[in-house]
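Some notes on the structure that comes next.
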Amino acid sequence: MYPAPIQKSKLGWRIIYRISVPVCLVLWLLPMVAIVLTSFRGNADIISGNYWGWPTELQIVENYTEIFNPSRSPMLQYFVNSIIITLPAVFFAIFFSAMAGYALSIYKFRGRIALYTLFIAGNFVPYQILMIPVRLLFNQLGLLDTKFALILFHIAFQTGFSTFFLRNFIADLPFALVESARMEGASESRIFFGIIIPLIRPALASLGVLLFTFIWNDFFWALTLVQSDAARPITFGLQALRGQWSISWNLIAAGSIVGALPSIIVFFVLQKQFITGLTLGGVKE
Amino acid sequence: MSKEYNPQNTTEAPPLTKKIFGMNEYQWMTFRQKMSPLFFLAPALTLFCIFVLFPIFQSIWISFTSWNGFGAMEWVGLKNYQDLFVDPAFYTSLINNALWLVLTLFAPVLGLIIALFLNQQVFGIKIVKSLFFLPFVINLVVIGLIFSWFYNPDLGLLVTIFEVFNVDISPFLTNENTATVRVILASLWPQTAYCMILYLTGLASMNAEVVEAARIDGADKGSMLFRVIIPQLRSATFIATVVTIVGALRSFDLISIMTAGGPFGKTNVLAYFMYQEAIFNFKMGYGASIAVILLLFMLVFISLFLRVIVKGER
């Protein structure tokens, strides 16, 4: 283990270490702490400029209900939009890329490495090179400014990364499994659904968690593909509400926290899957 | 198609009688196996071609035209690129992109330092690691809002804290020439968290015997870190660096939230400059040419990354 376990060092060092860890953590999360504290403050403090002193009143419930009040702001709508966009996009991106990953790892057809390379490369291209044609296409299809456009695009774009991710998992499975199933006369789709999918379930979970945060956190495509409140996800919504709330920093703060919370919850609940996904989504060496 | 079934030189199943599309059952099975990859690839590949592959070529084509987004397209050859190379805004963006590239490379370094600091087994360290990682999970819009608030030169927490120590930090927070650095510092926050987790995983899966052997051989702290530990972490370093570089070239969200390219275009980068030209100024051809330049830069790093991955496949 490196560095050497702290338990082996002198008492003085151990005490310093135990104190410095929480201190560093607080310093590291200071910007976050600032916004959380601000989201609890009442309007009186905000108006009088008491941002960091002792709060004269706490308005935790008021602030958070205020931002979700449909007659005051469309935040609730944005939040629902984000869910409606993210969940199906994650599901279909996983499903299609599991199929593609299966094809790329089980069948030894010509050009499969080229195809695999293409999927990885596509994941790295700058969004700007896609922006004008994708907008044009959705415009022609009459889908510009709809949630469906965002769902469709996210599925297509995330398929590149996901195929790369799942192909590696499927390629690591023992090929004998597939062969013996074929001997038994199982059809190809039966092998895929009955054998492969159950075996890669942990990988699917890791990928799902990653894709959830990727798609939930998307800002660029929301900005370029939708305009109306009916289709805006929360990232774009927050940017718009910031103008509306202008100096009500307590509301901006509360809105920011609500916008970040789903990814944070997903991360804390499925932490193991998330980190596995993150590290295995890189390169195997 | 496969050879005729021949009972003399095979040990396989007896002749089959059922005919499907004029093939016997064995032929039908081989046929299905041959066609299966196409079936399994179809949805992913179709979507990928329509929304990723084809648009790349279409953008390249648009970059040779003059087009406002709805009227007629006019072929102008290399004019957009000629205009771009004499546009001061292009060079401002280019310099800022370079600055992003260099400064965000602190993320892997800081990530390694934090990972080494936290790689201990003491009570509560697991939750501490998770909390250190938190910034990476938060979306960049919120990060931008968090830092706008944190940096606020009149009311922000940063200026308030420095006031306690009687240090006036407001020149840094208001100077337009440091605006890009402020945005980059905000981007280092989630990026460092990401690199940290890669290094923590790398440290956890490190070959303990090699580390012990070096220790027994009496390696001093410096050579231990640079000759034993860091070489073993090279795969984490590789991913951290490539992802950080690609992220730096892609930077858009934070700029859009924190500065919108301002003041006076001073914080522009290619990604945001392109968006402005295309969406606000309706110069699609010009915007597309910026995107093509950005893609060319990115291709250098993409091909580097692909070479390493594909090498492992052959």
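Based on Cα contacts under 8 Å between residues 6+ apart, the range A:31-178 shows a relative contact order of 28 percent. Set the Förster distance to 30 Å, then compute FRET efficiency between A:ILE197 and B:ARG32 from the Cβ-Cβ distance, nearest 0.05. My answer for the efficiency is 0.95. Computed extension length for B:VAL164-B:SER223: 17.1 nm, one decimal, from 0.36 nm per residue of separation with the Cα-Cα distance subtracted. Cα-based values for the protein assembly as shown, radius of gyration first and Dmax second, are 26.9, 97 Å. Taking the alpha carbon gyration tensor of the range A:52-203, multiplying each eigenvalue by 5 and rooting it gives semi-axes of 42, 22, 15 Å, largest first. A prolate overall shape is assigned to the range B:102-159, the ratio a/c of its alpha-carbon gyration tensor axes (a ≥ b ≥ c) being 1.5 or greater and a/b exceeding b/c.
Note on chain A: with charges restricted to the Cβ of Lys and Arg (+1) and Asp and Glu (-1), its dipole about the Cα centre is near 820 debye. When A:MET99, B:MET23, B:MET35, B:MET298 are arranged by Cβ crowding within 10 Å, least crowded first, meaning fewest neighbours, the order is B:MET35, B:MET23, B:MET298, A:MET99. Calculate, for B:PHE70 and B:TYR91, the FRET efficiency according to 1/(1 + (r/R0)^6) with r their C-beta to C-beta distance and R0 30 Å; round to the nearest 0.05. The calculated FRET efficiency here is 0.50.
Once the Cα atoms are used to define both axes, helix B:284-313 deviates from the longest principal axis of chain B by about 60 degrees.
Exceedance of the 30 Å cut-off in Cα-Cα distance is limited, within the set A:LYS8/B:LYS129; A:LYS8/B:LYS126; A:LYS10/B:LYS129; A:LYS10/A:LYS272; A:LYS147/B:LYS126; A:LYS147/B:LYS283, to A:LYS10/A:LYS272; A:LYS147/B:LYS126. Taking the Cα atoms of chain A, the ratio Rg/Rh between the radius of gyration and the Kirkwood radius comes to 1.07.
Across the options B:LEU140, B:ALA291, B:GLN27, the greatest Cα extent toward the positive end of the charge dipole of chain B (unit charges at beta carbon of Lys, Arg, Asp, Glu) belongs to B:GLN27. Residues in the range A:141-155 carry Karplus couplings, in order, of 7, x, 10, 4, 6, 10, 5, 4, 4, 5, 4, 4, 5, 4, 4 Hz; the curve used is 6.51 cos²θ - 1.76 cosθ + 1.60 with θ = phi - 60°, and Gly or Pro positions show x. Couplings 3J(HN,Hα) of the range B:194-203, computed from phi: 4, 5, 4, 5, 4, 5, 4, 5, x, 5 Hz, in residue order, whole Hz [Karplus 6.51 cos²θ - 1.76 cosθ + 1.60, θ = phi - 60°; x for Gly and Pro].
Order of B:110-123, B:183-196 by packing, highest average Cβ count within 10 Å first?
Working: B:110-123: 17.9, B:183-196: 23.4.
Ranked by mean Cβ neighbours within 10 Å, highest first: B:183-196, B:110-123.
Let me have the 222 nm mean residue ellipticity of chain B computed from DSSP H runs of 4+ only, each contributing -39500 (n - 2.57), with the sum over all residues rounded to the nearest 500.
Working: 15 runs with 201 residues, N = 314.
Per the formula, -20500 deg cm²/dmol.
Applying the Karplus relation 6.51 cos²θ - 1.76 cosθ + 1.60 with θ = phi - 60° to the range A:65-80 yields 3J(HN,Hα) values of 6, 4, 5, 8, 6, x, 7, 9, 8, x, 3, 4, 4, 4, 4, 4 Hz, where x marks Gly and Pro.
For the range B:89-313, the dipole from Cβ point charges (+1 on Lys and Arg, -1 on Asp and Glu) about the Cα centre works out to 440 debye, to the nearest 20.
Think of the range A:133-277 as having a plus end and a minus end, set by charges on the Cβ of Lys, Arg, Asp and Glu; of A:ALA203, A:LEU143, A:ALA260, A:ALA260 sits farthest toward the positive end of this dipole.
Annotation: amide H-H contacts under 5 Å for A:PHE109 (H modelled 1.01 Å from N, sequence separation of 5 or more, or interchain): none. In whole angstrom, how far apart do the alpha carbon centroids of the range A:126-146 and the range B:242-297 sit? The range A:126-146 and the range B:242-297 have Cα centres spaced 17 Å from each other. Database remark: amide H of B:THR65 closer than 5 angstrom to the amide H of B:VAL76 (H placed geometrically; neighbours at sequence offset of 5 or more, or on other chains; Pro and chain starts carry no H). When B:VAL52, B:VAL211 are arranged by Cβ crowding within 10 Å, least crowded first, meaning fewest neighbours, the order is B:VAL211, B:VAL52.
Using the Cβ-Cβ distance between A:ILE265 and A:SER71 with R0 set to 30 Å, the FRET efficiency from 1/(1 + (r/R0)^6) comes to roughly 0.65.
Cα centroid separation, the range B:53-77 to the range A:31-97: 41 Å.
Shape class for chain B: oblate, because the ratio a/c of the largest to smallest gyration tensor axis (alpha-carbon atoms, square roots of eigenvalues) is 1.5 or more and b/c is at least a/b.
Once you have a ≥ b ≥ c as the square roots of the Cα gyration tensor eigenvalues for the range B:162-307, tell me rounded if a/c is under 1.5, and otherwise prolate or oblate according to whether a/b is larger than b/c. If you can, show how the numbers build up before the last one.
Numbers: a/c = 3.89, a/b = 1.61, b/c = 2.42.
Oblate, because a/c is 1.5 or more while a/b does not exceed b/c.
Here is the size of the range A:6-68 from its Cα atoms: Rg then Dmax, 18.1, 53 Å.
Rg then Dmax, both in Å and based on the Cα atoms of the range B:61-119: 20.4, 61.
How big is the charge dipole of the protein assembly as shown about its Cα centre, in debye rounded to the nearest 20, if each Lys and Arg gets +1 on its Cβ and each Asp and Glu gets -1 on its Cβ?
Details: 38 positive and 29 negative charges, 304 e Å.
For the protein assembly as shown, the charge dipole is close to 1460 debye.
Here each label is just a point 7 Å from Cα along the line to Cβ, and for B:PHE57 and B:ILE125 those points are 5.4 nm apart.
As a footprinting exposure proxy, order B:LEU41, B:LEU84, A:LEU207 by other Cβ within 10 Å, with the fewest listed first.
Numbers: B:LEU41 23, B:LEU84 20, A:LEU207 28.
Taking fewest neighbouring Cβ atoms as first place, the list is B:LEU84, B:LEU41, A:LEU207.
Dividing the mean sequence gap of close Cα pairs (under 8 Å, 6+ apart) by how many residues the range A:169-285 holds gives a relative contact order of 31 percent.
Along the axis of the charge dipole computed for the range A:1-72 (Cβ charges of +1 for Lys and Arg, -1 for Asp and Glu, origin at the Cα centre), the listed residues A:ILE47, A:SER20, A:ILE35 are led at the positive end by A:SER20.
Amide H to amide H distances under 5 Å link B:GLY262 with B:THR267, where only residues 5 or more positions off or on other chains count and H is placed in the peptide plane.
Throughout, read-outs are computed from the coordinates displayed, never taken from laboratory work. From a predicted model like this one, the values you see are computed outputs, not experimental measurements. Glycine gets a Cβ as well: all are built from the backbone with ideal geometry, and neighbour counts include every protein chain shown.
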